[in-house]
Amino acid sequence: MITPAYAQAQGAGGGDVFVSLLPLILIFIVFYFLLIRPQQQKMKQHRAMLEALKKGDQVLTGGGIFGKVTRIDPDGTVMVEIAQGVVVKVAKATISDVLTKPTPTPAENTPANDPQPNAGGFLSRLFKR
């Protein structure tokens with residue numbers, strides 16, 4: 001029923017393996033740049049933040065508790081004061097953010113040190129005082 005020439009034409013697809021795998025390779029590349037790589041960078045930043053953690057930092061835990069670091073233990077735990085006299089022991093990895101902001105010194109806020117005294121446009125100068 002099937003002629004030999006027709007049967008040979010259907011089975012001659014050996015060179016199409018690369019072409020059939022190309023979409024899967026492209027999908028993996030897109031996933032790498034859109035999902036995997038950004039997640040790795042985020043984990044690297046979180047690890048660096050935890051290494052820079054020090055006593056006195058204001059932190060936010062993964063459970064949503066704000067507190068102040070009172071002690072960092074070498075076993076991977078942190079003592080966090082959440083209220084006056086209330087200290088809890090949390091895993092260092094559960095610290096999700098460090099909230100300590102550097103406080104500006106009065107010398108930085110003087111008009112003589114301001115590099116752009118008229119920056120901000122008309123409305124900011126109008127409502128400055």
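Throughout, read-outs are computed from the coordinates displayed, never taken from laboratory work. Every value quoted in this text rests on a predicted model; they were computed, and no experiment measured them. All Cβ positions, glycine included, derive from the backbone under ideal geometry; neighbour counts span all protein chains shown.
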Worksheet item: Taking the highest mean first, how do the peptides 68-75, 37-44 order by number of other beta carbon atoms within 10 angstrom per residue?
Response: 68-75, 37-44
Discussion item. Let me check against my output: what whole-number percent is the relative contact order of the stretch 53-100, with C-alpha pairs under 8 Å and at least 6 apart?
Written reply: 39 percent
